[in-house]
């Protein structure tokens with residue numbers, strides 16, 4: 001594919017590759033299916049000004065802070081030409097956040113057990129992206145996908161142990177959309193109390 005997602009036209013190159021397959025390492029979610037959408041909350045960015053620079057996005061519950069400011073465009077194709085369509089994406093015309101970098105860190109204000117977003121590269125070519133999910137500095141899971149910049153947006157999402165930090169590393173700059181999450185459940189009060197009582201009993205036995 002010749003061109004980029006900031007261009008004004010799309011020209012087909014028969015040598016272009018289609019979006020690659022997910023390298024499954026633990027509990028990734030391949031596509032934004034009905035279960036994923038039902039279990040998660042989307043941070044709505046539609047109200048942010050077109051072309052504005054954002055250091056973070058929030059829905060008032062979870063704040064996602066970016067290591068490098070991102071720019072808000074859309075809906076596709078306004079400011080960002082292409083995306084993918086269901087079942088590979090939630091919507092073919094999302095609002096997007098453009099990252100003018102190949103490495104972006106997302107710091108989350110709360111722990112989450114599900115976190116995901118759709119991603120598409122800047123050039124109309126197949127590019128490799130690695131998304132790492134962390135509990136502070138401890139790597140919990142990593143997902144690698146090859147994604148095509150010509151209408152090839154793909155989901156990077158996972159479910160499992162709580163995480164609060166995400167690192168995106170790619171072979172080109174990119175845009176993300178449809179940031180979704182599920183908060184980690186707090187430890188129930190009675191579970192915490194029972195654990196404290198058990199610790200006290202064990203301490204008294206050992207005295």
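Every number here is computed from the coordinates shown, using simple stated rules; none is lab data. All values reported here derive from a predicted model rather than from experimental measurement. So basically every Cβ, Gly included, is an ideal-geometry build from the backbone, and we count neighbours across all protein chains shown.
Numbers below:
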item	result
Filter pass, residue 183 being under 16 Å from the mean Cα position of the chain (by Cα), more than 20 Å from residue 41 (Cα to Cα) and surrounded by fewer than 21 Cβ atoms within 10 Å (Cβ to Cβ)	no
Matching entry among 132, 138 (being touching a residue at least 12 places away in the same chain (Cβ under 8 Å) and on the phi < 0 side of the Ramachandran plot)	132
Residue list for the range 109-132, filter: farther than 22 Å from residue 88 by Cα and either surrounded by fewer than 22 Cβ atoms within 10 Å (Cβ to Cβ) or under 11 Å from the mean Cα position of the chain (by Cα) (or both)	109, 110, 111
Within the range 84-99, considering residues that are buried (at least 21 other Cβ atoms within 10 Å of the Cβ) and out of contact with any strand residue (DSSP E or B) (no Cβ under 6 Å at 6 or more places or on another chain), the one nearest to residue 45 (Cα to Cα)	95
